[in-house]
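The values are calculated or read from the model by the stated rules, or taken from the named source; none is laboratory data. Nothing here was measured: the structure is a model prediction, and the numbers come from that model. Counting neighbours? That spans all protein chains shown, and the Cβs are built from the backbone with ideal geometry, glycine included. Keep in mind that these areas ignore ligands, DNA and RNA; they rest on the heavy atoms of the full protein, side chains included. Shrake-Rupley method; radii C 1.70, N 1.55, O 1.52, S 1.80 Å.
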Amino acid sequence: MRLLSELLAQNRAWSAEIAAADPGFFTRLAEQQAPRYLWIGCGDSRVPANQIVGLMPGEMFVHRNIANVVVPSDLNCLSVLQYGIEVLGVHHLIICGHYGCGGVLAVLRGERLGLVDNWLCHVETVRRRYRGQLAALSTEAERHARLCELNVVAQVLNAARTTVVRDAWRQGRELAVHGWIYALRDGLLHDLEVTVTSEEEVAAVAERVDLATPPADER
Ligand code: CO
């Protein structure tokens, strides 16, 4: 029980394989970190960030949590954003959700999972905001898929409205915030086309997503 010898053996094999292909790889990586991308994704074991975009160690700064949530009261996520943007100088922030997200489904069904419900309340906010759009869909599978997408869009807007991202834009830094969703069934990523590179674009995307919602009196 105490030994995870299989994993450690696999690690040695992995290290040897990389070193054989590129003898200077680990020495170079140890000297500096200069990733071009910052990824905020779900912690789901089926969505391994680097692997699905074909990137090696050193190429992407990664933060993952349940249901890929960005909230301005989360010091952990804010620190990742600030460090990634200001210190590492990434130009692309990718918020990546995935279809079939268990956290999103729990919210959709109103299920109780335990302590994690307190975290998922951020997804519940998204569900409530877009309940008109969700109610217009006929099956739970469609509502689940749509809520996974809407959650990504909402987190793109949340990230874009943090002081960190707004300050970066005000300082003239080049920074794009992208919203992507990953399909477990075929391993393909889809761009939700909500990329924002300025505060004006944030307002436009927010309006576009809200417009898909029926008027308040129909909800
Ligand atoms: Co998930």
(request) Could you look through segment 101-134, keep only residues that are buried (at least 19 other Cβ atoms within 10 Å of the Cβ) and under 21 Å from D186 (Cβ atoms), and pick out the one that is nearest to the ligand (Cβ to nearest atom)? (result) C101
(message) Among the residues of segment 25-54, what is the count of those that are over 30 Å from L113 (Cβ atoms) and open to solvent by 40 Å² or more (accessible area, probe 1.4 Å)?
(response) 12
(message) Among the residues of segment 71-88, what is the count of those that are open to solvent by 40 Å² or more (accessible area, probe 1.4 Å) and in a loop (DSSP other than H, G, I, E, B)?
(response) 2
(request) Take segment 104-122 and flag every residue that is in contact (Cβ under 8 Å) with a residue 40 or more places away in the chain and over 16 Å from G43 (Cα atoms). (result) V107
(request) Look through segment 44-70, keep the residues that are within 16 Å of the ligand (Cβ to nearest atom), over 9 Å from the mean Cα position of the chain (by Cα) and part of a loop (DSSP other than H, G, I, E, B), and return whichever of them is farthest from V104 (Cα to Cα). (result) P48
(message) For segment 28-43, give me the residue count where each residue is away from the ligand (no atom under 16 Å from the Cβ) and part of a loop (DSSP other than H, G, I, E, B).
(response) 5
